[in-house]
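Heads up: the structure comes next, in structure tokens.
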Amino acid sequence: MPAPVLFACSGLAQYGGAALAVALFAVIPSPTVAWLRIAVAALVLLAWRRPWRARWTRADLGAAAAFGVVLAAMNVSFYVAIDVLPLGTAVAMEFLGPVAVAAVTGRTWRERLGIVVAALGVVLLAGVELSTGGEDSVRGLVAIGVAAACWAGYILLGRRVAHGAHRPDGAGEPGAPGTGDARPAPDGITSLAVGMTAGALVGAPFLAGPAAPVLTDAGLALAVVGIAVLSSVVPYAIEQVVLRRVTAATFAVLLAMLPATAAVVGAVALRQWPHGWEVVGLLCVSLAIVLTATRRAPGEPADAAEAAA
């Protein structure tokens, strides 16, 4: 399945979950809703992937844990932002993180042109939305700035997690030939399960307290499970698949689809209809996707690093 189609499915699920989360902010603080999302998603992924069956090295565990802590921080700061900013504004501003990654790692003219066009679209979307901001905008902008930085870290660490397990067996590694350990190396989604668990454990002392109403209200508990599955399990599992197929720069610009899907969800679920310059911004984002998602010819390397390999 083409990467843009996978991302469309991922984005619709992710921001459908975000729209559902907004409805809970009146009952549970937004940072705690984000922590619950991570914790429940971790439980789902642990039950599904059973990471204890894989063969782990210290490097694998360290990378997965770092990835999970950054992922948790990104989700908490994003939820703080959408508590005071419109969904479209928050997503557009958060995209500054992936743009920075693309600017640093892009190699081809198509990627760099796509970065410019995508950045233009993000500026248009953010500018329109920020013009209607209120007194809480500063808090929201600080939160979304933190989320953007964490998103950049998520992309870079995510590639390490997605590719790290695909190492050749060798001397000195657990499970290398002759050790008698036949367990497979962890794949990206298994590493995601461990990472989300680490993120949930790190956040628990600070964010778990206000989650008590979930234990006594079945409706709230069901909503939290829905948020976790829609916004964490589905999109991050899809992205772990895509991260193994594309360069970091292409992945960063594919993420430009997310403001468009957020606008669709915002219009349908939250009645935040795009108009004027917002539409132009969405068209710019779509053009960036066309520029960067063209399929390579069979055998053509994705970048200079693959050519050297």
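The values are calculated or read from the model by the stated rules, or taken from the named source; none is laboratory data. These numbers were taken from a predicted model, which means no experiment stands behind them. As a convention, Cβ positions derive from the backbone with ideal geometry for all residues, glycine included, and neighbour counts pool all protein chains shown. Remember, those area values only see protein heavy atoms, side chains included, never the ligands or the DNA or RNA. Shrake-Rupley method; radii C 1.70, N 1.55, O 1.52, S 1.80 Å.
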For the structure I just gave you, tell me whether Trp56 is more than 20 Å from the chain's Cα centre (by Cα) and assigned to a helix (DSSP H, G or I). no
Can you pull out the residues in segment 285-309 that are open to solvent by less than 50 Å² (accessible area, probe 1.4 Å), closer than 17 Å to Phe7 by Cα and either at pLDDT 75 or above or not polar (S, T, N, Q) (or both)? Val285, Ala288, Ile289, Leu291, Ala293
Whichever residue in segment 26-58 is at pLDDT 90 or above and among the polar types (S, T, N, Q) and, among such residues, is surrounded by the most Cβ atoms within 10 Å (Cβ to Cβ): Thr32
Output yes when any residue across segment 21-38 is closer than 22 Å to Leu254 by Cα and either acidic (Asp, Glu) or not in a loop (DSSP other than H, G, I, E, B) (or both), and no when none is. no
Taking segment 143-159 and keeping residues under 16 Å from Gly195 (Cβ atoms) and β-branched (Val, Ile, Thr) leaves Ile155
Could you please give the count of residues in segment 1-20 that are more than 20 Å from Leu254 (Cα to Cα) and open to solvent by 20 Å² or more (accessible area, probe 1.4 Å)? 1
Looking at segment 81-111, which of the residues that are hydrophobic (A, V, I, L, M, F, W, C) and over 16 Å from the mean Cα position of the chain (by Cα) is farthest from Val285 (Cα to Cα)? Val84
Options Val76, Val84; residue that is touching a residue at least 12 places away in the same chain (Cβ under 8 Å), hydrophobic (A, V, I, L, M, F, W, C) and in contact with an Asp or Glu (Cβ under 7 Å, 6 or more places away or on another chain): Val84
Index of the failed condition, Thr179 passing every other in (1) modelled with pLDDT under 75; (2) buried (at least 21 other Cβ atoms within 10 Å of the Cβ): (2)
Out of the residues in segment 84-135 that are in a loop (DSSP other than H, G, I, E, B) and at pLDDT below 75, state the one that is farthest from Leu254 (Cα to Cα). Glu135
Against the conditions (1) exposed (fewer than 15 other Cβ atoms within 10 Å of the Cβ); (2) of a type outside the set (A, V, I, L, M, F, W, C); (3) at pLDDT 70 or above, where does Arg160 fall short? Just the number, please. (1)
Requiring at least 1 residues that are open to solvent by 30 Å² or more (accessible area, probe 1.4 Å) and over 30 Å from Ala103 (Cα atoms), the helices (runs of 4 or more DSSP H) wholly within segment 187-248 are 188-207, 213-216, 218-228
In this structure, is Ala262 at pLDDT below 75, under 16 Å from the mean Cα position of the chain (by Cα) and within 25 Å of Val22 (Cα to Cα)? no
Right, Val70: surrounded by fewer than 24 Cβ atoms within 10 Å (Cβ to Cβ), modelled with pLDDT of 85 or more and of a type in the set (A, V, I, L, M, F, W, C) or not? yes
